[in-house]
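The values are calculated or read from the model by the stated rules, or taken from the named source; none is laboratory data. Keep in mind that this is a model prediction, so the values were computed, not measured. Neighbour counts are summed over all protein chains in view; Cβ atoms, including those assigned to glycine, are modelled from backbone coordinates with ideal geometry.
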Amino acid sequence: MEKIIDEVKQGTALTLNTTTKNKRKLYIESYGCAMNFADSEVVASILSEDGFSTTQELNEADLILVNTCSIRDKAEQTIRKRLTEYNKVKKTRPHLKVGVLGCMAERLKDKLLDEEKIVDMVVGPDAYKDLPNLIKEVDSGRDAVNVILSKDETYGDIAPVRLNTNGVTAFVSITRGCDNMCTFCVVPFTRGRERSRDPQSILQEVNDLWNTGFKEITLLGQNVDSYLWYGGGLKKDFEKASDMQKATAVDFSKLLDTVALAQPKMRIRFSTSNPQDMTLDVIHTMAKHKNICNHIHLPVQSGSNRILKAMNRLHTIEEYFNLIDNIRTIIPNCSISQDIIAGFPTETEEDQEDTLKALEYVKYDFGYMYLYSERPGTMAGRKMDDDVPEVTKKRRLSEIIALQRSHCKYRTELHLGTIQEVLIEGPSKKSPDEWMGRNAQSTVVVFPKEQYKAGDFVNVKMNSCTSATLIGKAVGYSDNN
Ligand code: SAM
């Protein structure tokens with residue numbers, strides 16, 4: 001039930017192929033959401049043009065960059081601990097420079113330089129193109145900070161270097177920032193206002209990925225359903241666009257349609273959806289294209305209307321259920337996953353009951369569940385007391401996790417006996433003789449390797465399962481090969 005994309009790779013040092021012309025060694029580590037991992041690929045691309053090759057050895061680094069997350073306090077504490085490890089390395093390599101990137105850099109700005117003496121450079125998510133200049137600054141002995149948030153930066157013109165890639169699946173960023181202002185969430189403050197990336201540059205990246213052997217992409221954004229390209233600029237300024245810009249604007253369902261048509265064999269996923277912005281058009285587009293995977297990650301956060309309102313989620317639980325009903329009618333075998341926060345301020349036992357009822361209603365395939373963590377600067381942080389005792393939060397979270405686990409088992413078991421297409425991502429962690437892949441619904445499948453290889457689309461008969469993993473046997477290639 002752990003966050004698959006996020007947690008497994010936390011803190012992984014990312015590397016790309018060494019080029020001999022690049023003499024300085026960059027050690028880049030990423031924490032947090034998939035967006036951060038995608039951003040690190042943009043950073044590596046920028047720095048590969050500036051004399052750096054990557055290393056996985058901390059002890060041979062000339063520059064350490066850590067791409068950080070602020071979503072919960074625990075995420076920031078993890079980074080602070082990590083900085084003490086870098087400090088040990090700095091003692092033996094005095095020329096080593098350390099830069100903090102991402103959300104924690106944006107949240108704390110130059111305060112981070114005072115609080116963490118080891119840090120030489122603080123760079124927010126919209127300032128990565130300035131890294132070569134900032135590195136020159138720190139090379140000349142000065143600290144460097146750039147945390148300016150942008151109205152139009154999407155890094156659409158930078159071809160990300162794929163780091164630690166399995167060569168099969170890749171992330172493609174389509175929007176940056178978020179305008180939703182959920183009262184618990186730090187993202188609008190750390191990643192700025194929402195803007196969308198030029199669809200041409202998205203298509204170019206998807207085509208390049210296909211041509212280099214990738215078989216699955218995940219279109220990424222804090223709120224993908226809100227994607228809107230009208231020639232550049234902030235989403236909130238769309239009203240001021242010309243009639244021509246409005247008439248030719250591309251929304252998320254059009255983007256999905258275009259990408260699906262451009263590469264009809266490429267599997268397409270997207271994350272994250274926000275219930276208030278997801279339209280029926282998107283669901284119909286999913287239904288229309290075989291290569292758009294039938295999985296929607298649809299955070300609910302709480303099942304209580306009172307709490308949803310306090311969170312500034314702009315929908316009721318009844319509207320959410322209506323959306324779920326529509327998804328199930330239009331795409332009957334669509335898997336649905338959730339994010340839930342336990343212990344938001346003022347949450348009562350009745351609110352908790354409503355959340356458990358929402359879980360029962362949807363019976364999600366899987367989910368990511370968190371204890372509420374107050375974030376400074378957010379509306380809830382400023383206006384509400386974090387008044388649910390820690391022990392109550394933890395008890396509620398474990399009730400939610402236990403129920404979700406039973407639904408996960410229920411959903412996984414529904415696949416038993418079927419034959420489904422699986423895209424092989426790589427060897428299974430548990431056995432070198434087995435492949436690991438996913439079906440369209442994003443359920444993990446393991447099966448004996450036989451003659452198949454990573455990147456193959458294989459039909460697999462699902463014979464048994466654990467609560468979250470299907471165990472099968474390949475019966476042949478799928479017609480997508
Ligand atoms: N944009 C998406 C949305 O809100 O629907 C997801 C963004 S966030 C990076 C991922 C998840 O972290 C959220 O869906 C929420 O469940 C959780 N989260 C965000 N802020 C939190 C906080 N202050 N405490 C606990 N969990 C939080």
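When every residue of region 128-140 is checked against the conditions, none turns out to be closer than 20 Å to Ala34 by Cα, touching a Ser or Thr at 6+ places or on another chain (Cβ under 7 Å) and not hydrophobic (A, V, I, L, M, F, W, C). Taken over region 68-81, the criterion of being more than 14 Å from the ligand (Cβ to nearest atom) and touching a Phe, Trp or Tyr at 6+ places or on another chain (Cβ under 8 Å) is satisfied by Thr78, Ile79.
Taking each residue of region 394-406 that is more than 17 Å from Ser467 (Cβ to Cβ) and looking for partners that are aromatic (Phe, Trp, Tyr) with beta-carbon atoms closer than 8 Å, six or more apart or interchain, yields Leu397/Tyr370. Among the conditions (1) surrounded by fewer than 21 Cβ atoms within 10 Å (Cβ to Cβ); (2) in contact with a helix residue (DSSP H, G or I) (Cβ under 8 Å, 6 or more places away or on another chain); (3) of a type outside the set (S, T, N, Q); (4) within 21 Å of Ala468 (Cβ to Cβ), the only one that Leu280 does not satisfy is (4). When residues of region 24-62 are filtered for being away from the ligand (no atom under 16 Å from the Cβ) and not in a helix (DSSP H, G or I), how many remain? Residues flagged as away from the ligand (no atom under 16 Å from the Cβ) and not in a helix (DSSP H, G or I) within region 24-62 amount to 17. Could you check region 66-111 and list, in sequence order, the residues that are of a type outside the set (Asp, Glu), more than 25 Å from the chain's Cα centre (by Cα) and not in a loop (DSSP other than H, G, I, E, B)? Scanning region 66-111 gives Thr84, Tyr86, Asn87, Lys88, Val89, Lys90, Lys91, Thr92, Lys97, Lys111.
Within region 303-324, if we keep just the residues that are of a type in the set (D, E, K, R) and more than 11 Å from Glu347 (Cβ to Cβ), the residue that is surrounded by the fewest Cβ atoms within 10 Å (Cβ to Cβ) turns out to be Glu318.
Here Asn164 meets each of (1) at negative phi; (2) more than 14 Å from the ligand (Cβ to nearest atom); (3) of a type in the set (S, T, N, Q); (4) part of a loop (DSSP other than H, G, I, E, B) with one exception, condition (1). Residues in region 465-481 that are in a strand (DSSP E or B) and closer than 15 Å to Arg438 by Cα: Cys465, Thr469, Leu470, Ile471, Gly472, Lys473, Ala474, Tyr477.
Confirm whether Val300 is in contact with a helix residue (DSSP H, G or I) (Cβ under 9 Å, 6 or more places away or on another chain), closer than 22 Å to Arg438 by Cα, at pLDDT 95 or above and within 16 Å of the ligand (Cβ to nearest atom).
Values: in contact with a helix residue (DSSP H, G or I) (Cβ under 9 Å, 6 or more places away or on another chain): yes; closer than 22 Å to Arg438 by Cα: no; at pLDDT 95 or above: yes; within 16 Å of the ligand (Cβ to nearest atom): yes.
Criteria not met by Val300.
In summary, Ala241 fulfils each of the numbered conditions (1) surrounded by fewer than 19 Cβ atoms within 10 Å (Cβ to Cβ); (2) under 19 Å from Gly156 (Cα atoms); (3) of a type outside the set (Ser, Thr, Tyr) with the single exception of condition (2).
Let's see how each residue does on (1) away from the ligand (no atom under 14 Å from the Cβ); (2) touching a Ser or Thr at 6+ places or on another chain (Cβ under 7 Å):
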{"residue": "Gln263", "(1), (2)": "yes, no"}
{"residue": "Ala287", "(1), (2)": "yes, no"}
{"residue": "Ser304", "(1), (2)": "yes, yes"}
{"residue": "His315", "(1), (2)": "no, no"}
{"residue": "Ile340", "(1), (2)": "no, yes"}
{"residue": "Tyr368", "(1), (2)": "no, no"}
{"residue": "Tyr372", "(1), (2)": "no, no"}
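Please find, within region 329-343, the residue that is surrounded by the most Cβ atoms within 10 Å (Cβ to Cβ) out of those that are over 21 Å from Asn291 (Cβ atoms) and not β-branched (Val, Ile, Thr). Going through the qualifying residues, I end up with Ala342.
If you go through region 394-401 one residue at a time, do you hit one that is assigned to a loop (DSSP other than H, G, I, E, B) and among the charged types (D, E, K, R)?
Taking region 394-401 and keeping what is assigned to a loop (DSSP other than H, G, I, E, B), we get none.
Checked region 394-401: no residue is assigned to a loop (DSSP other than H, G, I, E, B) and among the charged types (D, E, K, R).
Testing Glu41 on (1) under 15 Å from the mean Cα position of the chain (by Cα); (2) modelled with pLDDT of 95 or more; (3) charged (D, E, K, R), one condition comes back false. Which one is that? Unmet for Glu41, out of (1) under 15 Å from the mean Cα position of the chain (by Cα); (2) modelled with pLDDT of 95 or more; (3) charged (D, E, K, R): (2).
Counting only helices (runs of 4 or more DSSP H) that sit wholly inside region 274-388, those with at least 1 residues that are more than 23 Å from Asp251 (Cα to Cα) and in contact (Cβ under 8 Å) with a residue 60 or more places away in the chain are 305-310, 349-362, 379-383.
Scan region 384-417 residue by residue and report those that are over 30 Å from Gly472 (Cβ atoms) and under 26 Å from the mean Cα position of the chain (by Cα).
Taking region 384-417 as the starting set, the residues that turn out to be over 30 Å from Gly472 (Cβ atoms) are 384-399.
Listed by number, the residues that qualify are Lys393, Lys394, Arg396, Leu397, Ser398, Glu399.
It is to be established whether one or more residues within region 207-214 are surrounded by 19 or more Cβ atoms within 10 Å (Cβ to Cβ) and either under 17 Å from Phe252 (Cα atoms) or of a type in the set (Val, Ile, Thr) (or both).
First, pick out the residues of region 207-214 that are surrounded by 19 or more Cβ atoms within 10 Å (Cβ to Cβ): 209, 214.
Then drop every residue that is not either under 17 Å from Phe252 (Cα atoms) or of a type in the set (Val, Ile, Thr) (or both), which leaves none.
No, the conditions are met nowhere in region 207-214.
Looking only at region 387-402, residues that are closer than 13 Å to Ile341 by Cα and in contact with a Pro (Cβ under 9 Å, 6 or more places away or on another chain) come to 1 in all.
Can you say whether Gly472 is over 30 Å from Pro345 (Cβ atoms) and surrounded by fewer than 19 Cβ atoms within 10 Å (Cβ to Cβ), as far as the supplied structure shows?
Working: over 30 Å from Pro345 (Cβ atoms): yes; surrounded by fewer than 19 Cβ atoms within 10 Å (Cβ to Cβ): no.
Spelling it out, it is not the case that Gly472 is over 30 Å from Pro345 (Cβ atoms) and surrounded by fewer than 19 Cβ atoms within 10 Å (Cβ to Cβ).
Of all residues in region 100-119, those that are buried (at least 24 other Cβ atoms within 10 Å of the Cβ) have Cβ atoms under 6 Å from Cβ atoms of residues that are among the hydrophobic types (A, V, I, L, M, F, W, C) and in a loop (DSSP other than H, G, I, E, B), 6 or more apart or on another chain, in Val100/Val119; Cys103/Cys69; Glu106/Val147.
Is it true that some residue in region 344-355 is within 15 Å of the ligand (Cβ to nearest atom), surrounded by fewer than 21 Cβ atoms within 10 Å (Cβ to Cβ) and under 21 Å from the mean Cα position of the chain (by Cα)? No: region 344-355 contains no residue that is within 15 Å of the ligand (Cβ to nearest atom), surrounded by fewer than 21 Cβ atoms within 10 Å (Cβ to Cβ) and under 21 Å from the mean Cα position of the chain (by Cα).
On the basis of being modelled with pLDDT of 95 or more and either of a type outside the set (Lys, Arg) or within 16 Å of the ligand (Cβ to nearest atom) (or both), does Leu131 make the cut? In short, yes.
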